[in-house]
């Protein structure tokens, strides 16, 4: 069984990183998690982002957070990527697979995956 | 919603929006009856709002004019022969003790019962999104139970956030292990 001692060990490990990380977050990934987003599959998309960001070693500069309804429910799951000094990028109709691709291409290498952005997916 | 756990995620989000300090999500199974309770100590709702809260054309949201969270949960419960009740005390009525309790009853042997689905993922998603609010999650069957209380975890973690990837992973494993043990 998982023990609190294990959690204590995680804490000790994290503590040494905390100071370093504060204020170093440059990119924000925001996943729409209102009724519309959740019904369309936002939960696995959010989890894919959290996992892929950490596995690619991007946790220091990328934060993944949740928000309510953005107002474009027909395009859910919707993910917005905000980066200081750059225009906001809105990805639509996301899936966990697309999320992994966005982490790899956009967050890691800096190339917007334009085939998934809203401007290229208007019905 | 494809899974009941997605309704849980959706409706529990309201508790956080209401400024709750603690949210309790409980599932209780007795025979063919599943009772879901989502309870918070948030700002609550006045009787006027409470009356219209399961009307799909009422919402606090300003981006569009419909709110489907509670109506969808009510539908999921009613289509199994069960139902949903919402009790609430607003901050105005009682500044010392306020909050909202949503209770939904499902009959799990009904053809139209929506399977619970990935409830562990719902719990970790709620914690990841709201690491400073305590969540008490319990799932009780007649003989066994699964339990997670973030207040206990935060005592160990100190100022390390519940939203840290490693912590979320630990919580996920902790819940999965408990479910494996009761499903044996």
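The values are calculated or read from the model by the stated rules, or taken from the named source; none is laboratory data. Everything numeric here is computed off the predicted structure, so don't read it as measured data. In this analysis, Cβ positions are derived from the backbone assuming ideal geometry, glycine residues included, and neighbour counts consider all displayed protein chains.
Quick one: in the stretch A:19-40, of everything that is part of a helix (DSSP H, G or I) and facing another protein chain (nearest Cβ under 7 Å), which residue is modelled with the lowest pLDDT?
Ranking the candidates gives A:35 first.
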query: With respect to residue B:122, is the statement that it is within 14 Å of another protein chain (Cβ to nearest Cβ) and crowded, with 21+ Cβ neighbours inside 10 Å true?
result: yes
field: Selection count where residues are under 15 Å from residue A:33 (Cβ atoms), in contact with a helix residue (DSSP H, G or I) (Cβ under 8 Å, 6 or more places away or on another chain) and buried (at least 16 other Cβ atoms within 10 Å of the Cβ), scope the stretch A:71-91
entry: 7
statement: Selection from the stretch A:71-86 of residues part of a loop (DSSP other than H, G, I, E, B) and within 14 Å of chain B (Cβ to nearest Cβ) yields A:71, A:72, A:76, A:77, A:78
query: Just for the stretch B:160-173: of the residues that are within 7 Å of another protein chain (Cβ to nearest Cβ) and in a loop (DSSP other than H, G, I, E, B), which one is nearest to residue B:125 (Cα to Cα)?
result: B:164
- prompt: Mind checking which residues of the stretch A:41-70 are assigned to a helix (DSSP H, G or I), more than 7 Å from chain B (Cβ to nearest Cβ) and buried (at least 21 other Cβ atoms within 10 Å of the Cβ)?
  reply: A:42, A:45, A:48, A:49, A:52, A:53
task: Take residue B:106 and decide whether it is closer than 16 Å to residue B:167 by Cβ, at pLDDT 95 or above, touching a strand residue (DSSP E or B) at 6+ places or on another chain (Cβ under 7 Å) and assigned to a strand (DSSP E or B).
output: no
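Yes or no: the stretch A:87-96 includes at least one residue that is within 19 Å of residue B:167 (Cβ to Cβ), more than 11 Å from chain B (Cβ to nearest Cβ) and not in a loop (DSSP other than H, G, I, E, B).
Scanning the stretch A:87-96 turns up no residue that is within 19 Å of residue B:167 (Cβ to Cβ), more than 11 Å from chain B (Cβ to nearest Cβ) and not in a loop (DSSP other than H, G, I, E, B).
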query: Among the residues of the stretch B:174-184 satisfying the criterion of being closer than 24 Å to residue A:51 by Cα and more than 7 Å from chain A (Cβ to nearest Cβ), which is surrounded by the fewest Cβ atoms within 10 Å (Cβ to Cβ)?
result: B:180
query: Does at least one position in the stretch B:126-133 carry a residue that is closer than 28 Å to residue B:32 by Cβ and either in a strand (DSSP E or B) or within 12 Å of another protein chain (Cβ to nearest Cβ) (or both)?
result: yes
field: Any hit, the stretch B:111-118, residues being within 12 Å of chain A (Cβ to nearest Cβ), more than 17 Å from residue B:3 (Cβ to Cβ), part of a loop (DSSP other than H, G, I, E, B) and within 14 Å of the chain's Cα centre (by Cα)
entry: no
field: Matching residues in the stretch A:92-123 - criterion: being within 18 Å of residue A:26 (Cβ to Cβ) and out of contact with any helix residue (DSSP H, G or I) (no Cβ under 8 Å at 6 or more places or on another chain)
entry: A:105, A:106, A:108, A:109, A:110
